[in-house]
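The structure under discussion appears below in the form of structure tokens.
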Amino acid sequence: MYASTGDEETLNRLQYALDELQRAQDANGNGYIGGIPRSKELWTEYANGNINAQSFSLNGRWVPLYNIHKLFAGLRDAYLIADLEQSKEMLIELTDWFVEVNGNLSDEQIQEILQSEHGGLNEVFADVYTITGNKEYLELARRYSHRAILDPLIANEDNLTGKHANTQIPKVVGFQRVAELSDDDTWRDAAKSFWNNVVEERSIAFGGNSVSEHFNPVDDFSTMITTNQGPETCNTYNMLKLSKMLFTDDPNAKYINFYERALYNHILSSQHPDGGFVYFTPIRPRHYRVYSQPHTSFWCCVGSGIENHGKYGELIYAHSENDVFVNLFIPSELNWEEKGIRVTQTTKFPYEESTRLQVQVDDPKEFALSIRKPEWIKGDAEITVNGEKWSTSTNSFSYMTINRTWEAGDVVSVSLPMQTSLEYLPDGSNWGAFVHGPVVLAAVTDTTDLGGLFADEARMAHVASDDFYPIDEAPMLLTNEPNEIAQAVSKTGPLSFNIDSLIYPNSFSGLKLVPFFTIHEARYMMYWPVLTEDQLEERQQEVRKREAAMIALEERTVDMVATGEQQPETEHNFQGENTESGIHNSRYWRHASGWFSYDLSNPELQGTILRVTYSGGDSGRTFDILINGELLKTVTSTGHEDPFFDVDYVIPDSMLAENMTVMFLAHENSVAGGVFEIRLLKE
């Protein structure tokens with residue numbers, strides 16, 4: 001933020017933070033800085049190889065490596081971006097401490113540790129190598145690269161479904177950083193494979209990905225439509241970081257096309273105009289988003305959110321040895337001091353379909369100015385230089401290049417004609433979002449029932465948890481020509497559109513499509529179901545039935561665990577031994593040859609039924625279900641004709657409690673589960 005603004009108060013606060021951290025580092029006397037509870041005990045266990053790693057914990061502490069990664073990254077940035085020499089010395093001391101802690105650990109032990117979320121430690125260690133030239137740090141970066149993710153990517157295999165999304169993305173940022181520094185094409189290709197998979201198969205129109213923080217199946221985005229926990233902003237923060245790195249390594253416009261889409265539609269939309277950041281952006285019809293508050297909420301998406309909005313200028317331009325690339329159409333000034341080249345870009349894009357570039361040079365200078373030809377452009381982009389049409393070709397990376405001798409005051413004007421299209425979900429289902437140029441359009445439906453709009457300090461306050469409006473009552477697009485639907489959109493003003501000819505039912509006529517980044521404090525439609533008249537009644541009956549059942553179930557639910565999903569399991573104090581999780585038929589599961597347990601909340605003792613969802617394909621498994629150590633039921637699975645089925649267990653009054661630990665304990669030589677969902681229900 002200081003580098004972007006030059007604000008002295010920002011620098012003063014940064015300096016204060018560094019001074020206080022250095023006091024702690026000096027007091028420790030070994031280079032360590034950290035705010036992890038019982039740190040000395042933890043790192044002693046760690047160094048001795050006593051490891052108990054879970055997805056969100058390590059030796060009983062909440063993601064300590066994720067936590068300390070933020071210190072490593074902050075110290076690195078304070079040096080590389082704010083040019084504070086003090087932070088460089090602190091960073092090297094901290095890294096040396098970590099090298100020592102890992103001195104007696106085998107590669108196998110480190111890979112076990114890396115099961116626990118750890119941010120992008122490998123990237124930071126690689127950066128410390130570039131700062132110092134000490135190859136020991138680059139080797140540490142390699143050792144802290146998670147092979148369970150890296151190896152399938154090297155083999156171009158997709159094993160991402162079901163994994164916690166933002167645990168994986170920073171790892172891949174690190175893979176790419178190591179690849180750059182060691183010129184390792186294998187790791188470079190792994191990073192590209194990941195990017196291609198996430199961007200082309202797992203991302204929706206505004207650039208986000210994941211459901212409830214996890215990668216959903218590439219062939220089933222139905223949960224993306226129904227959930228109130230849509231794409232997480234941190235995911236996109238890290239995908240932009242990866243996109244930038246891949247572009248600087250291989251200047252292909254596809255990386256900038258994604259960067260632009262995600263920047264305008266996810267990042268720009270994630271900050272409230274008066275302050276506050278968004279965690280989840282649901283695309284559920286007629287739902288809404290929640291904003292943080294300074295004194296109640298400091299989620300991960302607040303930390304990265306603050307950084308997001310200080311970086312709008314970081315990739316507008318790029319350069320090779322002698323040439324300039326114009327990547328984004330944002331009003332700005334470029335000053336390439338080493339070459340004596342300055343470029344001023346003047347534009348109101350995306351509210352106007354053009355941009356103007358004025359070149360200033362100290363002396364006439366020959367170089368190439370390469371301007372990205374966006375994937376969304378309608379027809380050809382007309383370019384003039386000093387008012388005269390310039391004939392330019394588009395290279396294989398989709399850049400339009402002007403190679404000439406430039407003089408002070410030369411002006412390049414570029415037309416950027418946009419068109420409106422309907423972009424469907426990646427699974428091919430009939431849900432589509434309108435996009436004009438790179439701008440995702442949405443419509444405000446109402447401003448009712450916005451409970452928790454500005455988050456309090458509650459654990460799940462980042463989730464928009466007020467009423468789910470029935471999907472079958474949401475507006476839809478009705479047409480017998482779905483392939484020509486964009487032609488029915490009429491423009492009513494700059495980035496304002498009318499779709500009355502498509503809207504069904506008529507009670508929603510008058511909805512206006514506007515940039516999603518302008519919508520705040522409202523329920524909205526971003527993705528619309530597209531139906532022909534023949535499909536309408538059949539769909540309404542199906543959705544009505546499904547929604548009624550879901551709403552009735554939610555009203556009965558006192559607490560619920562989505563087993564196998566990292567965040568819900570962590571929130572319910574998951575514990576276990578000899579237990580595994582995975583995904584089957586697009587649903588997450590957990591089983592154990594030992595045991596696993598969760599803590600359920602039953603504050604008014606209203607929950608009297610434990611509902612467990614099983615797979616119809618499991619049979620011959622015997623296990624006990626216990627509540628607070630007492631046997632509720634011994635279960636022997638016998639299979640079922642349905643792929644999934646529910647079993648309700650009535651809880652005796654004597655077992656009812658406000659806090660209930662539910663354990664699944666396998667019998668000898670058997671397996672407990674698989675369990676696909678647990679619900680505590682009212683009668």
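The values are calculated or read from the model by the stated rules, or taken from the named source; none is laboratory data. Since this is a predicted model, take the numbers as computed values, not measurements. Counting neighbours? That spans all protein chains shown, and the Cβs are built from the backbone with ideal geometry, glycine included.
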Any residue that is surrounded by 19 or more Cβ atoms within 10 Å (Cβ to Cβ), in contact with a Phe, Trp or Tyr (Cβ under 8 Å, 6 or more places away or on another chain) and either closer than 30 Å to ILE316 by Cα or at pLDDT 95 or above (or both) - is there at least one of those in the stretch 38-60? yes
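Name every residue in the stretch 386-430 that is farther than 30 Å from LEU531 by Cβ and among the charged types (D, E, K, R), in order of residue number.
Result: GLU388, LYS389, ARG404, GLU407, ASP410.
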Only strands (runs of 3 or more DSSP E) wholly contained in the stretch 375-450 count here; list those with 2 or more residues that are hydroxyl-bearing (Ser, Thr, Tyr). 399-406, 410-415, 420-424
For the stretch 66-117, which positions are outside any helix (DSSP H, G or I) and farther than 22 Å from LEU11 by Cα? ASN102, GLY103, ASN104, LEU105, SER106, LEU114, GLN115, SER116, GLU117
For the stretch 454-465, give me the residue count where each residue is surrounded by fewer than 18 Cβ atoms within 10 Å (Cβ to Cβ) and either touching a strand residue (DSSP E or B) at 6+ places or on another chain (Cβ under 9 Å) or without any contact (Cβ under 8 Å) to a residue 40 or more places away in the chain (or both). 2
ASP83 versus (1) more than 21 Å from ARG142 (Cα to Cα); (2) modelled with pLDDT of 95 or more; (3) surrounded by fewer than 13 Cβ atoms within 10 Å (Cβ to Cβ); (4) not small (Gly, Ala, Ser): which is the lone unmet condition? (2)
Any residue at all in the stretch 142-152 that's aromatic (Phe, Trp, Tyr) and not in a helix (DSSP H, G or I)? yes
Filter result (under 33 Å from the mean Cα position of the chain (by Cα) and free of Cβ contacts under 8 Å to residues at least 12 places away in the same chain) within the stretch 378-410: SER396
Residues satisfying the stated conditions in the stretch 153-167, i.e. in a helix (DSSP H, G or I) and over 14 Å from GLN115 (Cα atoms): LEU153, ILE154
Using beta carbons and a limit of 9 Å, which pairs, at least six apart or on different chains, have the first residue in the stretch 28-41 and free of Cβ contacts under 8 Å to residues at least 40 places away in the same chain and under 20 Å from VAL99 (Cβ atoms) and the second one crowded, with 18+ Cβ neighbours inside 10 Å and hydroxyl-bearing (Ser, Thr, Tyr)? SER39/TYR32; LYS40/TYR32
Looking at the stretch 277-287, is at least one residue modelled with pLDDT of 95 or more, touching a Leu at 6+ places or on another chain (Cβ under 6 Å), surrounded by 24 or more Cβ atoms within 10 Å (Cβ to Cβ) and more than 27 Å from PRO529 (Cα to Cα)? no
Out of THR532, THR492, I need the residue that is out of contact with any strand residue (DSSP E or B) (no Cβ under 6 Å at 6 or more places or on another chain) and more than 14 Å from SER421 (Cα to Cα). Which one? THR532
ALA3 versus (1) loosely packed, with under 13 Cβ neighbours inside 10 Å; (2) modelled with pLDDT under 95; (3) part of a helix (DSSP H, G or I): which is the lone unmet condition? (1)
The correct count of residues that are in contact (Cβ under 8 Å) with a residue 60 or more places away in the chain, acidic (Asp, Glu) and more than 19 Å from ALA522 (Cα to Cα) in the stretch 215-270 is 4
Across (1) polar (S, T, N, Q); (2) out of contact with any Pro (no Cβ under 9 Å at 6 or more places or on another chain); (3) in contact (Cβ under 8 Å) with a residue 12 or more places away in the chain, ASN335 clears everything bar (3)
Check ILE113, ILE149, ILE154 and return the single one that is within 28 Å of the chain's Cα centre (by Cα), of a type outside the set (Asp, Glu) and assigned by TED's automatic domain parsing to the domain that holds TYR79. ILE113
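Out of all the residues in the stretch 519-534, which are surrounded by 14 or more Cβ atoms within 10 Å (Cβ to Cβ) and either in a helix (DSSP H, G or I) or of a type in the set (Gly, Ala, Ser) (or both)?
Passing the criteria: only ALA522.
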Within the stretch 359-374, how many residues are surrounded by 16 or more Cβ atoms within 10 Å (Cβ to Cβ) and either of a type in the set (Phe, Trp, Tyr) or in a strand (DSSP E or B) (or both)? 9
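Starting from residues that are aliphatic (A, V, I, L, M) and in contact with a Phe, Trp or Tyr (Cβ under 9 Å, 6 or more places away or on another chain), keep the ones in the stretch 199-228 and report whichever is nearest to GLU547 (Cα to Cα).
Per the stated criteria, the residue is ILE225.
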Any chance you could count how many residues in the stretch 509-534 are in contact (Cβ under 8 Å) with a residue 60 or more places away in the chain and more than 26 Å from PRO350 (Cβ to Cβ)? 2
Which of the strands (runs of 3 or more DSSP E) contained wholly in the stretch 260-346 include at least 3 residues that are on the phi > 0 side of the Ramachandran plot? none
With the first residue restricted to the stretch 570-584 and required to be under 15 Å from VAL675 (Cα atoms), and the second required to be of a type in the set (Val, Ile, Thr) and surrounded by fewer than 17 Cβ atoms within 10 Å (Cβ to Cβ), Cβ contacts under 6 Å at 6 or more apart or on different chains are none
Hey, any hits in the stretch 205-216 for a residue that's acidic (Asp, Glu) and more than 25 Å from TRP589 (Cα to Cα)? no
For the stretch 36-62, give me each residue that is of a type outside the set (A, V, I, L, M, F, W, C), part of a loop (DSSP other than H, G, I, E, B) and touching a helix residue (DSSP H, G or I) at 6+ places or on another chain (Cβ under 7 Å). GLY49, SER55, ASN59
Under the condition of being within 28 Å of the chain's Cα centre (by Cα) and over 15 Å from TYR527 (Cβ atoms), which residue from the stretch 411-425 is surrounded by the fewest Cβ atoms within 10 Å (Cβ to Cβ)? GLN419
For GLU630, state whether it is buried (at least 17 other Cβ atoms within 10 Å of the Cβ) and either more than 30 Å from ASN159 (Cα to Cα) or modelled with pLDDT of 90 or more (or both). no
Based on this model, can you work out whether VAL290 counts as free of Cβ contacts under 8 Å to residues at least 60 places away in the same chain, crowded, with 18+ Cβ neighbours inside 10 Å and of a type outside the set (Lys, Arg)? no
In the stretch 169-200, the residues that are farther than 16 Å from LEU140 by Cα, among the polar types (S, T, N, Q) and touching a residue at least 24 places away in the same chain (Cβ under 8 Å): THR186, SER193, ASN197
